[in-house]
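J.: Shown below is the structure under consideration.
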Amino acid sequence: MISFFKNFFKRFFAKKKDIKFGLYGPPNGGKTTLANKICEDWLGEKDAMGSASAMAHETREIKIKEQVIIKGSNNRELTFNLVDTPGIATKIDYEEFVQEGMAEDEAKNRAKEATKGVISAIKWLDDMDAVIVVLDSTKDPYSQVNITIVGNLEARKIPVLVVANKVDMKKSDIKKIQAAFPQYKVQGISAKTGKNMDKFYDALFEVTK
């Protein structure tokens with residue numbers, strides 16, 4: 001009887017666990033745009049995770065939206081906490097921000113905050129139940145940053161869905177991303193226009209199995 005109650009409560013509380021979906025990837029891949037699209041589609045909240053920017057490292061802190069509930073085919077429902085993370089970079093140079101028009105002091109502060117953000121994002125990997133790697137499908141996926149991100153995920157055995165974002169652009173090439181990371185499902189989307197978002201949501205159910 002004691003064993004029965006132990007197993008019952010174990011199953012009960014296991015179901016109550018909050019699934020954490022982390023959005024990871026290099027700067028300017030479209031993580032925040034995707035996070036905002038998810039929140040708009042299912043919570044009715046526009047720009048819930050902040051404004052996206054063309055400037056790298058606009059997101060420098062972890063941002064969380066709790067209790068996002070999405071619905072899929074066959075009346076399936078998935079509840080999770082969405083975690084938007086700063087763009088991962090192997091090197092952050094303040095001079096990059098100076099070139100974007102920032103004053104030197106502001107640029108140095110931005111670089112310092114961005115570096116802290118990267119460290120924080122990597123630490124948060126240990127709390128993730130699944131990760132959505134958001135890549136710009138117009139760029140070469142064979143970068144040191146992308147390989148580093150995927151290597152960390154494989155080492156932790158975290159379920160992964162690779163998103164090839166920006167398929168609305170002419171230079172988009174999903175096949176390159178599929179060739180670079182054949183061990184994972186790659187879903188092409190445009191977080192900006194909403195293209196293929198229905199397929200993306202269905203893929204989220206698969207990655208949590």
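J.: What residue, among those in region 181-196 that are surrounded by 15 or more Cβ atoms within 10 Å (Cβ to Cβ) and either in contact with a Phe, Trp or Tyr (Cβ under 7 Å, 6 or more places away or on another chain) or among the polar types (S, T, N, Q) (or both), is nearest to residue 150 (Cα to Cα)?
T.: In this case the residue turns out to be 187.
J.: For the list (1) in contact with a helix residue (DSSP H, G or I) (Cβ under 7 Å, 6 or more places away or on another chain); (2) farther than 25 Å from residue 64 by Cβ; (3) among the hydrophobic types (A, V, I, L, M, F, W, C), I need the number of the one condition that residue 174 fails.
T.: Going through (1) in contact with a helix residue (DSSP H, G or I) (Cβ under 7 Å, 6 or more places away or on another chain); (2) farther than 25 Å from residue 64 by Cβ; (3) among the hydrophobic types (A, V, I, L, M, F, W, C) one by one, residue 174 breaks only (1).
J.: Could you list, in sequence order, the residues of region 117-151 that are of a type in the set (Asp, Glu) and under 21 Å from residue 63 (Cα atoms)?
T.: If the condition is that a residue be of a type in the set (Asp, Glu) and under 21 Å from residue 63 (Cα atoms), then 126, 127, 129, 136 are the ones that fit.
J.: Among the residues of region 197-209, write down those that are surrounded by fewer than 17 Cβ atoms within 10 Å (Cβ to Cβ) and of a type in the set (Phe, Trp, Tyr).
T.: Filtering region 197-209 for residues surrounded by fewer than 17 Cβ atoms within 10 Å (Cβ to Cβ) gives 198-199, 202, 205-206, 208-209.
If the condition is that a residue be surrounded by fewer than 17 Cβ atoms within 10 Å (Cβ to Cβ) and of a type in the set (Phe, Trp, Tyr), then 205 is the only one that fits.
J.: Is it the case that some residue within region 140-151 is hydroxyl-bearing (Ser, Thr, Tyr) and either closer than 16 Å to residue 31 by Cβ or within 16 Å of the chain's Cα centre (by Cα) (or both)? Write out each step before concluding.
T.: If we filter region 140-151 for residues that are hydroxyl-bearing (Ser, Thr, Tyr), which is where we start, we get 142-143, 148.
Pick out the ones that are also either closer than 16 Å to residue 31 by Cβ or within 16 Å of the chain's Cα centre (by Cα) (or both) and you get 143, 148.
Yes, region 140-151 contains at least one residue that is hydroxyl-bearing (Ser, Thr, Tyr) and either closer than 16 Å to residue 31 by Cβ or within 16 Å of the chain's Cα centre (by Cα) (or both).
J.: Do any residues in region 176-196 that are on the phi > 0 side of the Ramachandran plot and touching a residue at least 24 places away in the same chain (Cβ under 8 Å) have Cβ atoms under 9 Å from those of residues that are in a loop (DSSP other than H, G, I, E, B) and surrounded by 22 or more Cβ atoms within 10 Å (Cβ to Cβ), where the two are at least six apart or on different chains, and which pairs are they?
T.: 196/189
J.: Okay, next question. With respect to residue 117, determine if the residue is among the small types (Gly, Ala, Ser) and buried (at least 18 other Cβ atoms within 10 Å of the Cβ).
T.: Details: among the small types (Gly, Ala, Ser): yes; buried (at least 18 other Cβ atoms within 10 Å of the Cβ): yes.
Yes.
The numbers here are math on the coordinates, done by the rules we state, and not lab data. This structure is a prediction, so every number in the text was calculated from the model and none was measured. So basically every Cβ, Gly included, is an ideal-geometry build from the backbone, and we count neighbours across all protein chains shown.
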